[in-house]
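Note sheet for the following structure.
The values are calculated or read from the model by the stated rules, or taken from the named source; none is laboratory data. Just so it is clear, the structure is predicted and the values come from calculations on it, not from any experiment. Don't worry about glycine lacking a Cβ; one is built from the backbone with ideal geometry, like all the others, and counts go over all protein chains shown.
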Amino acid sequence: MELFALLGDFTVRTVAIGAALVGVVAGALGSFALLRQQSLLGDALSHAALPGVCLGFLLAGSRQLEPILAGALVSGALAALLVMVLTRATRVKTDAALGVSLSLFFAVGTVLLTYVQRHQGAAQAGLDAFLFGQAAALVPRDLTVIGIVAAVSLCIVLLGWKELKVTTFDADFARSLGRPVVAIEFVLTVLIAVAVVIGLQLVGVILMVALVIAPAAAARQWATRLEGMVLLAALFGALSGVTGALISASVRGLATGPLIVLVASALVLVSLLVAPERGLLWQLAHATTQRRSLRAHRVLVDLYRLGQAHDDPSYPSEQGMLDAYFGGRTGHVLRRLQRRGLVERVEHMPEEGAHWVLTEGGREQARELLVPFGTREHDGGGLA
């Protein structure tokens, strides 16, 4: 009921819808940046958007979203172009070029922000809120602009899906097919800049990079194909945006932008822990199972070899001897094998402790385990 009450509030509903739209676009486009190993690109573009925000404000004379977004997009595209020029025309590596572009444009933006605050009354207009975001300032008109930009961006991705996919995974192969790789990479970079720009008012320049990368990083743990990763990243982005907005609305005094980033970061943490195959907990459980299975196989094979060495397939092996050989207790391993019908406990010299023999099924499985290693049945030798 409390959730419906929150969504019934006009401002909360506006912010939640805006956050969902930004999350969808940022998550979907951030997947390409993550796969291209350009996670710093979102950081560079978000910081590079600041001078465009200031210039858009100066040209419009007010804090209208359209000119500010247009200015931010232009400055972001210029920053991306600078990165491409530095990496292709010089020996500067991509990470260094991104660092140079980020620092240069953010420095220019900071100077411009200082200027407009002193001379244009920007503090009263709330222009400095673009640094950290001010979700409560969203109005339906802003929501329309964000929705249109988001729809256009996603349509471009759908129309150019094949080109974006092949360029992301193998640019050299795409070039061999005659694809305009440089143009495709520039378009993709501009689209990422668009995702950054439309989220500035919600999350701000400083934290926007997290909304671009975090949903994609979380989705990467679950998906095995690009299609699934992009869809899941969009879902995670929307979920982060809506959840952060609702938490901010329900707890007085908490900023929306940082909460959205915290929710996205929590999704990354959960995904890193529990995602199948890639999750840390899954890998730990798998490794534990593998170790237990390997230990059981070793016990099974050594019982078989002991039988060969004594020319007696039903030779009873003392558990104490197996403990000494393996440097630890083997009782739990033998009991597991017993439950599987591979070994059975026998009464043999009770004063020396428990003795175990292989069943027919155990001998058959031991022979199957030895075949890959080229071991023949008549090979001698004791424990190996």
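Tabulated results
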item	result
Qualifying positions in region 149-200 - in contact (Cβ under 8 Å) with a residue 40 or more places away in the chain and in contact with a Ser or Thr (Cβ under 8 Å, 6 or more places away or on another chain)	Glu185, Leu188, Leu191, Val194, Ala195, Val196, Leu200
Region 285-336, residues that are among the hydroxyl-bearing types (Ser, Thr, Tyr), part of a helix (DSSP H, G or I) and either in contact with an Asp or Glu (Cβ under 6 Å, 6 or more places away or on another chain) or closer than 19 Å to Val371 by Cβ (or both)	Ser293, Tyr304
Cβ-Cβ under 9 Å pairs, at least 6 apart or on other chains, region 292-310 side without any contact (Cβ under 8 Å) to a residue 60 or more places away in the chain and more than 14 Å from Trp356 (Cβ to Cβ), far side of a type in the set (Ser, Thr, Tyr) and surrounded by 15 or more Cβ atoms within 10 Å (Cβ to Cβ)	Arg295/Thr330
Search result, residues across region 201-259 that are surrounded by 19 or more Cβ atoms within 10 Å (Cβ to Cβ) and among the polar types (S, T, N, Q)	Gln201, Gln221, Ser240, Thr243, Ser248, Thr256
Matching residues in region 97-151 - criterion: being surrounded by fewer than 16 Cβ atoms within 10 Å (Cβ to Cβ), closer than 13 Å to Cys54 by Cβ and at pLDDT 75 or above	Ala107, Thr110, Val111, Thr114, Tyr115, Arg118
Criterion: over 23 Å from the mean Cα position of the chain (by Cα) and on the phi > 0 side of the Ramachandran plot - qualifying residue of Gly76, Gly61, Gly52	Gly61
Wholly enclosed helices (runs of 4 or more DSSP H) of region 116-227 bearing at least 1 residues among the charged types (D, E, K, R) and closer than 30 Å to Gln283 by Cβ	161-169, 208-222
Val85 vs. criteria modelled with pLDDT of 85 or more and surrounded by fewer than 17 Cβ atoms within 10 Å (Cβ to Cβ)	yes
Candidate set: region 337-376, residues that are part of a loop (DSSP other than H, G, I, E, B) and at pLDDT 80 or above; chosen: the one nearest to Ser317 (Cα to Cα)	Ala354
Residue check, Gly99 under 25 Å from the mean Cα position of the chain (by Cα), assigned to a helix (DSSP H, G or I), more than 19 Å from Val261 (Cα to Cα) and in the same structural domain as Val190 (by TED's automatic domain parsing)	yes
Every residue from region 316-343 that is loosely packed, with under 15 Cβ neighbours inside 10 Å and under 14 Å from Ala296 (Cβ atoms)	Gly328, Arg329, Gly331, His332, Arg335, Arg339, Arg340, Gly341
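Table: residues versus (1) within 30 Å of Leu232 (Cβ to Cβ); (2) surrounded by fewer than 19 Cβ atoms within 10 Å (Cβ to Cβ).
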position	(1), (2)
Glu277	yes, yes
Trp282	yes, yes
Ala285	yes, yes
Thr288	yes, yes
Arg291	no, yes
Leu294	no, yes
Arg298	no, yes
Asp302	no, no
Asp312	no, yes
